[in-house]
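Computed from the coordinates by the stated procedures, all read-outs in this text should not be read as laboratory data. None of the values given here were measured: they were computed from a predicted structure. Backbone-built Cβ (ideal geometry, glycine too); neighbour counts: all protein chains shown.
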Amino acid sequence: MGKFTDALYHLNTSIDLYLKKDADNYTINFNRKLACAYNNKGLVHRDLGEFVEALKYMNKSLDLRCDDATLLEKERSRLAIERSYSHENLGLLYNDMCNYELALYHLQETLDIRNINLPPNHHLIAQVYNNLSRIYNLLGNPLKSFECTEQALTRQIQSLPDNHPHRGTMYNTLGEAYYSQGQYSMALLNFEKALNIYQSARTRSPLLEAIALSNMGIIMKVQGNYDEALKTFINALSIIERERPRHPDVARCLNNIGFAYRGKSDNATAIVYFNRALNFCKSYLTENNEVTAISYLNVASELNEDQYDLAMEYFQRVISIYDHIGLPHHHNIIRCHIYCGHFYRKIHNHQSALACYEKAIFHCEKASFPERHSLWIEVYTNFALEYYLMAEYGRALVEYEHALQHITEESLEIPRIYKSMDLCRRQIIETDVRLTMTFILDELAILP
């Protein structure tokens with residue numbers, strides 16, 4: 001957090017100097033410097049998770065980089081390239097804010113500008129295709145995502161060495177695309193390729209290495225390999241703590257370690273790491289940072305029945321933070337309602353739990369998640385379990401069938417869901433038998 005504070009201080013000083021009346025009167029040069037300062041300030045706010053502030057300064061940067069037909073061709077082209085950086089950063093910011101329509105708009109603007117002003121195989125064009133691939137993946141359009149990745153890879157092969165970090169970023173994006181489709185083996189393979197590039201002696205990039213390790217750990221966790229996931233997350237944490245001890249990624253790693261322990265059914269250790277992440281956020285991040293919201297959510301999900309008031313307070317903080325940063329339908333809002341439902345289940349308040357899952361479905365629909373997104377499965381299986389506990393086995397069976405419509409072939413949930421469906425059918429049969437026997441006995445009792 002200290003480095004971010006220093007960065008903001010120096011950028012604010014630069015902006016104040018540029019805005020003084022006696023500042024450089026050469027407008028083009030002045031605008032370029034001020035636009036650069038605004039852009040960099042926006043990037044710092046984005047790293048801090050302060051998306052509204054980031055948006056304000058990135059838009060100021062874009063306004064100062066608007067086209068000027070009076071310039072010489074070379075200067076006009078240079079200005080266009082600078083404008084493409086503003087569009088690209090806005091696209092990535094809108095991606096963080098889950099506003100994929102505006103993310104696509106700005107990234108397409110970036111691509112159009114660079115196609116006009118740069119050679120066709122330039123690595124900056126490849127970079128845009130890579131970012132577009134991530135957006136299409138999040139929109140549930142895997143064919144378009146892979147098409148953009150192919151365009152990126154074609155240009156990177158022509159313009160960059162095999163071990164260039166941008167190649168690693170491309171493999172990382174491919175891994176995310178495969179992960180979202182439930183193709184975990186292919187996802188892991190691409191994350192490993194990214195890691196090998198980031199660990200290369202010539203292009204060593206510890207922070208990118210930590211990101212690749214974290215992604216690999218997430219795949220291992222999803223595959224049920226919690227011990228390996230734990231080792232990988234701890235490795236990533238050690239790198240980030242060494243390189244950026246106050247960076248939000250420290251809290252992300254602590255949360256990932258907590259998830260791995262939760263997967264091992266060691267909830268006592270899981271909440272220790274979730275609390276460490278939350279304490280880190282309180283010490284070094286802003287109250288409205290997204291990582292702070294995630295940490296509140298994880299702690300609340302592990303609280304006991306006698307901590308009802310604290311759990312509800314934390315759930316509400318999560319919702320407030322995402323509302324503040326302009327993400328009212330974020331996937332963690334959905335998880336917040338799911339975990340809140342779990343809490344009501346603990347205290348046997350099934351109707352309130354069902355109401356929470358209804359809210360989760362509402363946000364899933366508003367967020368337009370892909371059909372194969374894991375949150376659909378999570379919500380429907382929770383609906384099913386709640387109905388099962390209420391002895392409404394037919395409705396539970398319907399919800400499990402809904403979950404199967406969203407599942408991928410590699411999902412570990414498939415055998416669990418089929419097992420739960422068998423239990424529902426067995427309970428339905430046993431209930432029918434009991435009712436039939438009761439009816440027969442009642443009829444026999446009234447015979448003369």
(request) Can you work out the PRE-style zone for D47? Point 7 Å along Cα to Cβ, and I want the residues of region 155-196 with backbone N under 20 Å. (result) 165-166, 169
(request) Extending each Cα 7 Å along its Cβ direction at S283 and T269, get the distance between those two points in nm, one decimal. (result) 2.2 nm
(message) Can you give me the long-range amide H partners of S368? Hydrogens built in the peptide plane at 1.01 Å from N, cutoff under 5 Å, separation of 5 or more residues or another chain.
(response) none
(request) Name the residue farthest towards the positive end of the dipole of the chain from the options T292, L412, T169, assuming +1 on Cβ of Lys and Arg, -1 on Cβ of Asp and Glu, about the Cα centre. (result) T169
(request) With unit charges on the beta carbon (Lys/Arg positive, Asp/Glu negative), name the residue among N332, T110, L160 whose Cα is farthest towards the positive pole of the charge dipole of the chain. (result) L160
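Taking a threshold of 25 Å on the Cα-Cα distance, which of the pairs K41/K74; K41/K359; K346/K366; K264/K419; K144/K193; K264/K346 fall above it?
Details: K41/K74 27 Å; K41/K359 36 Å; K346/K366 28 Å; K264/K419 21 Å; K144/K193 22 Å; K264/K346 20 Å.
Check vs 25 Å cut-off fails for K41/K74; K41/K359; K346/K366.
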(request) Using R₀ = 22 Å, calculate the FRET efficiency as 1/(1 + (r/R₀)^6) where r is the Cβ-Cβ separation of E430 and A355; round to 0.05. (result) 0.15
(request) Using the Cα centre as the reference, give the magnitude of the dipole from point charges on the C-beta atoms of the chain (Lys, Arg: +1; Asp, Glu: -1; all else neutral), rounded to the nearest 20 debye. (result) 1360 debye
(request) Could you state the angle between the C-alpha long axis of helix 374-389 and the longest principal axis of the C-alpha atoms of the chain, as a value from 0 to 90 degrees rounded to the nearest 10? (result) 20 degrees
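Hey, what did region 353-435 get for relative contact order, percent, Cα under 8 Å, at least 6 apart? Don't skip to the answer; put the middle values down first.
Numbers: 67 pairs, mean separation 22.7, N = 83.
Rounded, it is 27 percent for region 353-435.
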(message) Quick check: Cα centre of region 323-354 to Cα centre of region 156-202, how many Å?
(response) 35 Å
(request) May I ask you to compute the full-extension gain from L389 to S368, defined as 0.36 nm times their residue separation minus their alpha-carbon distance, rounded to one decimal in nm? (result) 4.6 nm
(request) Please get the size of the charge dipole for region 329-448, origin at its Cα centre, with Cβ charges of +1 on Lys and Arg and -1 on Asp and Glu, quoted in debye to the nearest 20. (result) 420 debye
(request) Would you kindly state the longest site-free stretch of the chain, with sites defined as GluC sites (Glu not before Pro) in a DSSP loop (not H, G, I, E, B) surrounded by at most 13 other Cβ atoms within 10 Å? (result) 1-286
(request) Report the normalised scattering of the chain as log10 I(q)/I(0) at q = 0.10, 0.12 Å⁻¹, calculated by the Debye formula with identical scatterers on the alpha carbons. (result) -0.81, -1.13
(request) Report the FRET efficiency, 1/(1 + (r/R0)^6), for L118 and E409, where r is their Cβ-Cβ distance and R0 is 41 Å, rounded to 0.05. (result) 0.50
(message) Explain nothing, just compute: Karplus ³J(HN,Hα) = 6.51 cos²θ - 1.76 cosθ + 1.60, θ = phi - 60°, for every residue of region 189-196 in order, whole Hz, x for Gly and Pro.
(response) 4, 6, 5, 5, 4, 4, 4, 4
(message) Suppose each label sits 7 Å from its Cα in the direction of the beta carbon; what would the D67-E305 distance come out to in nanometres?
(response) 6.7 nm
(request) Treating the angle as unsigned and between 0 and 90°, give the value, to the nearest 10°, between the Cα long axis of helix 2-18 and the longest Cα principal axis of the chain. (result) 40 degrees
(message) Let's test the formula: R0 of 25 Å, r as the Cβ-Cβ distance of N59 and H329. What FRET efficiency results, to the nearest 0.05?
(response) 0.65
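Expected output is a single nm value to one decimal: the length gained when fully extending between D227 and L444, i.e. 0.36 nm times separation in residues minus the C-alpha distance. What is it?
The span from D227 to L444 would gain 72.1 nm if fully extended.
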